[in-house]
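Notes for the one structure printed next.
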Amino acid sequence: MPAPTRSPPNSRVDCIFCQIIAGRASAEVVARSDRAVAFLTIGPLTEGHTLVVPVRHATDLTEVSNQDTQAVWQLVHDVGGRLHAAGLAEGVNLFVMSGVAAEQAILHLHIHVVPRRRGDGLDLNRWWESKVRKVDPARHAEVARKIRSSGAPVG
């Protein structure tokens, strides 16, 4: 897939993902739309591990537009289908780290599409179970009320 010759809108010179989108840094691009790009990560959890990013730079979920969000998720869907069709996936895991506190390492919003096959050795259930916290029902209800009443849309 040919790389664009001009910088995308709202790109940042210091952002490696913006550089990839603009064709100034190399990556194995696997799919592209006018608002989103998908490329293989250089640190895969499994073979075919793909990142999907908006073309327009957005640091995290609080900065991405609704249109770019839709385009990114459409491309995530497309990449998931391509991974299945290529024989690389029986299922997929999707990960989003949004913000430094969420351990986001590259500050350009990206969705990890991780192809999974039975017996691939990636045991997320064991990790998840080790991190699950006990829920106090009253606090749980309070948190839900706080979220419902915030009314603060993002994008």
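Quick grid of which residues meet (1) more than 14 Å from the chain's Cα centre (by Cα); (2) on the phi > 0 side of the Ramachandran plot; (3) at pLDDT 95 or above:
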{"position": "7", "(1), (2), (3)": "yes, no, no"}
{"position": "11", "(1), (2), (3)": "yes, no, no"}
{"position": "18", "(1), (2), (3)": "yes, no, yes"}
{"position": "32", "(1), (2), (3)": "yes, no, yes"}
{"position": "44", "(1), (2), (3)": "no, no, yes"}
{"position": "51", "(1), (2), (3)": "no, no, yes"}
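Name the residue, out of 76, 55, that is among the hydrophobic types (A, V, I, L, M, F, W, C), over 18 Å from residue 15 (Cβ atoms) and within 14 Å of the chain's Cα centre (by Cα).
Result of the check over 76, 55: 76.
Quick one: in the stretch 108-151, which of the residues that are part of a helix (DSSP H, G or I) and of a type in the set (A, V, I, L, M, F, W, C) is farthest from residue 37 (Cα to Cα)?
138
Any idea how many residues of the stretch 51-100 are among the polar types (S, T, N, Q) and not in a helix (DSSP H, G or I)?
Residues flagged as among the polar types (S, T, N, Q) and not in a helix (DSSP H, G or I) within the stretch 51-100 amount to 5.
Which pairs do you get when a residue that is over 26 Å from residue 127 (Cβ atoms), found in the stretch 81-93, comes within reach of a residue that is β-branched (Val, Ile, Thr) and at pLDDT 95 or above, reach meaning Cβ atoms under 8 angstrom, with the pair 6+ apart or on two chains?
Every condition considered, the pairs that remain are 82/30.
The values are calculated or read from the model by the stated rules, or taken from the named source; none is laboratory data. Keep in mind it's a predicted model, so treat the numbers as computed, not measured. Note: ideal-geometry Cβ built from the backbone for every residue, glycine included; neighbour counts use all protein chains shown.
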